[in-house]
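In what follows, a single structure is set out as structure tokens and then discussed.
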Amino acid sequence: MRVIIRKDNTVREIEGKHTVGNILRLLDINPEAVLVLKDGKPVTRDVVVGGDEEIEILPVMSGG
Amino acid sequence: MRCLKCGSGACIEIRRHRAAYCEEHFVEHVHKQVTRAVRKFKMFEPGEKLLLAVSGGKDSLALWDVLLDLGYQADGLYIDLGIGDYSARSREKAENFAGARRAALHVVSLPETYGVNVGYIAKKSGKPFCSTCGLVKRYIMNAAASIKGYDAVVTGHNLDDEAGALLGNALSWQVGYLRRQSPNMPASQGLVRKVKPLCRLGERETAAYCIIKGINYILEECPMAKGASSLAYKDVLNALESRAPGTKDRFYLGFLREGRHYFQGGSEEPQLRPCSVCGQPTTAETCSFCRQVQRAGLDPLAVLEAIKNSGA
């Protein structure tokens, strides 16, 4: 699957099928600091993604 | 995961509430949390005139949308600080939202008023960039609300902002800030009431709200905020939150319930009087905005003229 990380617009390819929660663990991303989008809509951490599917990881932390 | 309300597929989980919602019931959840905050902290009543500080980011646009949906009379105030492309793009987001919702938006622009940006004022007056920016924004918000006759200034600070600020204030025992940290600062001596109706919602929720409602907000951050300590405080709280959901809620809302009153009393409220130059409230002879703008060789009164002509 393709994972687009919106912070720096990097793209990661991950083999096999994984839950969204697992993908965040693999990438060492705190689920509290992001939203995960599939087809432009938020998905929960139990959703399984794989094959030629694509997800987006959107940081939500803002301010200064 | 299933929606707590209707059992259909959930799009977002709110771990601190042990809940998950579908799109429809998530929107309802956000509306409810805002309503609860507004009532609990007696922020405003229906029919009062609200001036919402709009940055073009997810929090202020989500809040504007919620307030309009709930039937409040909320107009926007966009302050153009002239921070390059970032300001241009964020202003566009604010204007597009106002246009789409047919909401009134006041725009006050530093570059259009003075031909300079906030960085120039900071540099000329020898003050740090972000504190100058904060001062300019607070000044314009209060002046705009009092000149235009609004009952309250509304800002989009969320639970993460407030919990992060509380952690920062507690780490260095800023007793004065702890005393004043409240989602409702009542009007006093020329200062307009200031309220934060998103104080029960995290930034994951405001971002999700914008995406679900199709609100186009500016994703990029202010380029000057990089490395700000407030972001480090949020990081720490997120690390704790993921181990123990509800930590931020307990820390911040618990402080308002159980902790804040310990910081009340003691020293007296500072007496405010009208600034000798602009008439806005200050503890000094001349307010810090006027002093800083004058140090930069500019006329502080020009911004009051700009506010009067800010349309909407």
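The values are calculated or read from the model by the stated rules, or taken from the named source; none is laboratory data. Fair warning: this is a prediction, and the values are worked out from it, not measured in the lab. So basically every Cβ, Gly included, is an ideal-geometry build from the backbone, and we count neighbours across all protein chains shown. Side chains included, ligands, DNA and RNA excluded: accessible areas come from the protein's heavy atoms. Shrake-Rupley method; radii C 1.70, N 1.55, O 1.52, S 1.80 Å.
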Single condition B:Gly227 does not satisfy, out of (1) modelled with pLDDT under 95; (2) in a loop (DSSP other than H, G, I, E, B); (3) under 15 Å from the mean Cα position of the chain (by Cα): (3)
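For chain A, list the strands (runs of 3 or more DSSP E) that sit wholly inside it and hold at least 2 residues that are within 13 Å of chain B (Cβ to nearest Cβ) and either at pLDDT 95 or above or touching a Leu at 6+ places or on another chain (Cβ under 6 Å) (or both); which are they? Break it down into steps so the answer makes sense when it comes.
Details: elements: A:2-5, A:10-13, A:34-38, A:54-59.
Counting at least 2 such residues, we get A:34-38, A:54-59.
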Odd one out for B:Glu45 among (1) over 18 Å from B:Ala100 (Cβ atoms); (2) assigned to a strand (DSSP E or B); (3) not aliphatic (A, V, I, L, M): (2)
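Listed residues B:Glu285, B:Glu220; which is over 21 Å from the mean Cα position of the chain (by Cα), open to solvent by 60 Å² or more (accessible area, probe 1.4 Å) and over 23 Å from B:Leu167 (Cα atoms)?
Working: B:Glu220 fails: over 21 Å from the mean Cα position of the chain (by Cα).
Answer to the selection: B:Glu285.
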Unmet requirement for B:Lys213, which otherwise passes all of (1) facing chain A (nearest Cβ under 10 Å); (2) out of contact with any strand residue (DSSP E or B) (no Cβ under 7 Å at 6 or more places or on another chain); (3) farther than 12 Å from B:Asp160 by Cβ: (1)
Answer from B:Asp65, B:Asp75 - the residue that is within 15 Å of the chain's Cα centre (by Cα), more than 14 Å from chain A (Cβ to nearest Cβ), in a helix (DSSP H, G or I) and not hydrophobic (A, V, I, L, M, F, W, C): B:Asp65
Count - residues of the stretch B:237-260 that are in a helix (DSSP H, G or I) and more than 11 Å from every other protein chain (Cβ to nearest Cβ): 12
Subset of the stretch B:289-301 [open to solvent by 30 Å² or more (accessible area, probe 1.4 Å), under 16 Å from B:Leu110 (Cβ atoms) and not aliphatic (A, V, I, L, M)]: B:Gln294, B:Arg295, B:Gly297, B:Asp299
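Quick check, is B:Glu258 more than 30 Å from B:Arg39 (Cα to Cα), without any contact (Cβ under 8 Å) to a residue 24 or more places away in the chain, among the charged types (D, E, K, R) and surrounded by fewer than 20 Cβ atoms within 10 Å (Cβ to Cβ)? Break it down stepwise before answering.
Details: more than 30 Å from B:Arg39 (Cα to Cα): no; without any contact (Cβ under 8 Å) to a residue 24 or more places away in the chain: yes; among the charged types (D, E, K, R): yes; surrounded by fewer than 20 Cβ atoms within 10 Å (Cβ to Cβ): yes.
For B:Glu258, the condition - more than 30 Å from B:Arg39 (Cα to Cα), without any contact (Cβ under 8 Å) to a residue 24 or more places away in the chain, among the charged types (D, E, K, R) and surrounded by fewer than 20 Cβ atoms within 10 Å (Cβ to Cβ) - is not met.
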Candidates B:Leu178, B:Leu198, B:Leu191, filtered to the one that is open to solvent by less than 30 Å² (accessible area, probe 1.4 Å), hydrophobic (A, V, I, L, M, F, W, C), over 15 Å from the mean Cα position of the chain (by Cα) and closer than 28 Å to B:Gln280 by Cβ: B:Leu178
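Could you count how many residues in the stretch B:74-100 are surrounded by fewer than 17 Cβ atoms within 10 Å (Cβ to Cβ) and within 16 Å of B:Ser60 (Cα to Cα)?
Qualifying residue count, the stretch B:74-100: 6.
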